[in-house]
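The structure appears below as structure tokens.
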């Protein structure tokens, strides 16, 4: 009676061991492929971040916050190989920089054909904390795009979330699926103080595809602030509002930005923007990008405990 059960247990254990060895072999093959198509970004002799070669010869990508400006001269290193490159075009809303590379470039990474589903295993290649060629695992953590504030850019970035750690140094590195297809580019991380929370902000492949096709800058608009939702605020703030109150809370209001110049400050509530009622940070960031920098927009704003007022002002272009 017990022998068949024991036999099955041993069989399952053997199968698990074989699958584990097969997976390890597949991982090694995948690692080698991605490593060959990736590089470290050096600016003025210092390792600044990671990056990868595009499927079109002579082009490559890294994170915009790694390079910081257009036309910046860089060196790309992959083992004993190196290339000179320059920042050719940028897409700050997605924290992406397109690099023009001198000389022959290796085979690049192909873009995924459709957005990866929640739970799919992904892998990040980069140089965390000046360690070279590190392979990090993660999983897609949400089914759609969102916006996250990035202090380095003084603006929000469009991204999706990956459950996985991404230490300093891997910014600009490629996130790939199990087929080695490019799923996204590492941008930032969710942090509380200086402590990472295990969620990475990843630029979608669609942003790189658009930049590679046009090879031109994409403008990004800003009101000069970040947004938080009402549900994030402390009780002492919420008790001043009616239960029906909607809107988003202004944070990190820059004094030289459109809202700062209009006298708004941290804690003020933006109820609507150009007729669009706002309930979430995504509502607000998306609405800003639909504005026109040459045309004033109508804002309904409220200071907690005060009366709503209407302002008209235009967003500014960043970078």
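What to note about this one:
Condition check ((1) under 22 Å from residue 316 (Cβ atoms); (2) in a strand (DSSP E or B); (3) modelled with pLDDT of 95 or more) across all residues:
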| site | (1), (2), (3) |
| --- | --- |
| 184 | no, yes, yes |
| 197 | no, yes, no |
| 201 | no, yes, yes |
| 206 | no, no, yes |
| 209 | no, no, yes |
| 224 | yes, no, yes |
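- Qualifying residue in the range 123-135 (condition: farther than 25 Å from residue 68 by Cα and surrounded by fewer than 16 Cβ atoms within 10 Å (Cβ to Cβ)): yes
- If only residues of the range 225-256 that are out of contact with any strand residue (DSSP E or B) (no Cβ under 7 Å at 6 or more places or on another chain) and within 28 Å of residue 294 (Cβ to Cβ) are counted, the one that is surrounded by the most Cβ atoms within 10 Å (Cβ to Cβ) is 253.
- Of the set (1) more than 21 Å from residue 93 (Cβ to Cβ); (2) modelled with pLDDT of 95 or more; (3) touching a helix residue (DSSP H, G or I) at 6+ places or on another chain (Cβ under 8 Å), all apply to residue 168 but (2).
- Residue 192 surrounded by fewer than 24 Cβ atoms within 10 Å (Cβ to Cβ), free of Cβ contacts under 8 Å to residues at least 40 places away in the same chain and touching a helix residue (DSSP H, G or I) at 6+ places or on another chain (Cβ under 8 Å): no
- For the range 308-319, the tally of residues that are in a loop (DSSP other than H, G, I, E, B), at pLDDT below 95 and touching a helix residue (DSSP H, G or I) at 6+ places or on another chain (Cβ under 7 Å) stands at 1.
- The criterion of at least 2 residues that are over 13 Å from residue 174 (Cα atoms) and under 23 Å from the mean Cα position of the chain (by Cα) is met, among strands (runs of 3 or more DSSP E) falling completely within the range 24-83, by 38-43, 46-53, 73-78.
The values are calculated or read from the model by the stated rules, or taken from the named source; none is laboratory data. Everything quoted here is computed from the prediction, not taken from an experiment. Reconstructed Cβ throughout: ideal geometry from the backbone, glycine too, with neighbour counts over all protein chains shown.
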